[in-house]
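K.L.:
Pasting a structure here, questions to come.
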Amino acid sequence: MNSSSRLRPPLIVVAGPSGCGKTTIARELMRRHPEFLFSVSATTRKRRDTETDGQDYFFISREAFEEKIGHDELVEWEQIYGDYYGTLKSEVDRALASMTPMMFDVDVKGALSIRKRYPRHSLLMFIKPPSLEVLTERLRNRKTETPETFARRMERVTMELGLAPQFDRSVVNDVLDRAFADADAIVTEVLAGPASRK
């Protein structure tokens, strides 16, 4: 497990399977800790009506994304359900250059790639559902999936849950307010550094 005394500046990486509530938790952490920068990921998927370009994601074309891959401009990237997702090096560089903490909301494999690239700065937080049954119901209630995409998503969920032991900390999102408190306690400890453990 990473020691919070090494995380200067800390890169707090929030990840978990679809439907676990990681984005909701990351947004609440940003509200509670306005000193953090937020790492806006790039994606080729279509923007949803509730999303803002440059705030939720950088929505770019497949050609532009593949050009960034070729120019090594991404810390991590992955193709999920036919669309690309990735973290821009420029986002991390601005945090490291200013010694400012940064929050990430990424997929599970992306989180592990960030730690591989920045082992002395990153802390990985896995957001777990209370059970696979609850997560399945949450995804069904979204009503945004075709039967085919739902089946593919559930296959990926199994893989992602299997990677949870590789994360530094985990938070079970059963009761949302409790999950907020547990995640906030982790961030507060990291920001406090070694003094918090005396």
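The values are calculated or read from the model by the stated rules, or taken from the named source; none is laboratory data. The model shown is predicted, which means the values in this text are computed figures rather than measured ones. Here the Cβ positions follow ideal geometry from the backbone for every residue, glycine too, while neighbour counts run over all protein chains shown.
K.L.:
Filter segment 46-64 down to residues that are farther than 21 Å from M102 by Cβ and either touching a Cys at 6+ places or on another chain (Cβ under 7 Å) or modelled with pLDDT of 95 or more (or both), then give me how many there are.
P.N.:
Of the residues in segment 46-64, 4 are farther than 21 Å from M102 by Cβ and either touching a Cys at 6+ places or on another chain (Cβ under 7 Å) or modelled with pLDDT of 95 or more (or both).
K.L.:
Here is a follow-up. Exactly one of (1) closer than 29 Å to F180 by Cβ; (2) part of a helix (DSSP H, G or I); (3) not aliphatic (A, V, I, L, M) is unmet by R48. Its number?
P.N.:
(2)
K.L.:
Among the residues in segment 147-168, are any of a type in the set (V, I, T), in a helix (DSSP H, G or I) and more than 20 Å from the chain's Cα centre (by Cα)?
P.N.:
Yes, there is a match, as at least one residue in segment 147-168 is of a type in the set (V, I, T), in a helix (DSSP H, G or I) and more than 20 Å from the chain's Cα centre (by Cα).
K.L.:
Quick test for you: out of M30, M103, M125, pick the one residue that is assigned to a helix (DSSP H, G or I) and closer than 28 Å to E189 by Cβ. Working first, answer last.
P.N.:
Numbers: M103 fails: assigned to a helix (DSSP H, G or I); M125 fails: assigned to a helix (DSSP H, G or I).
Result: M30 is the single residue among M30, M103, M125 that is assigned to a helix (DSSP H, G or I) and closer than 28 Å to E189 by Cβ.
K.L.:
Here's another thing I want to ask about it. Inside segment 114-139, can you point out the residues that are modelled with pLDDT of 90 or more, touching a Gly at 6+ places or on another chain (Cβ under 8 Å) and surrounded by fewer than 22 Cβ atoms within 10 Å (Cβ to Cβ)?
P.N.:
Listed by number, the list holds a single entry, K128.
K.L.:
Something else about it: Just checking, does segment 123-135 include any residue being charged (D, E, K, R), under 18 Å from L11 (Cβ atoms) and over 18 Å from the mean Cα position of the chain (by Cα)?
P.N.:
No, because not a single residue in segment 123-135 is charged (D, E, K, R), under 18 Å from L11 (Cβ atoms) and over 18 Å from the mean Cα position of the chain (by Cα).
K.L.:
As an exercise: evaluate R140 against (1) more than 17 Å from A26 (Cβ to Cβ); (2) assigned to a helix (DSSP H, G or I); (3) basic (K, R); (4) in contact (Cβ under 8 Å) with a residue 60 or more places away in the chain and give the number of the one condition it does not meet.
P.N.:
Here R140 clears every test but (4).
K.L.:
Restrict the check to segment 1-23 and report whether at least one residue is part of a helix (DSSP H, G or I), free of Cβ contacts under 8 Å to residues at least 24 places away in the same chain and surrounded by 17 or more Cβ atoms within 10 Å (Cβ to Cβ).
P.N.:
Looking through segment 1-23, none of the residues is part of a helix (DSSP H, G or I), free of Cβ contacts under 8 Å to residues at least 24 places away in the same chain and surrounded by 17 or more Cβ atoms within 10 Å (Cβ to Cβ).
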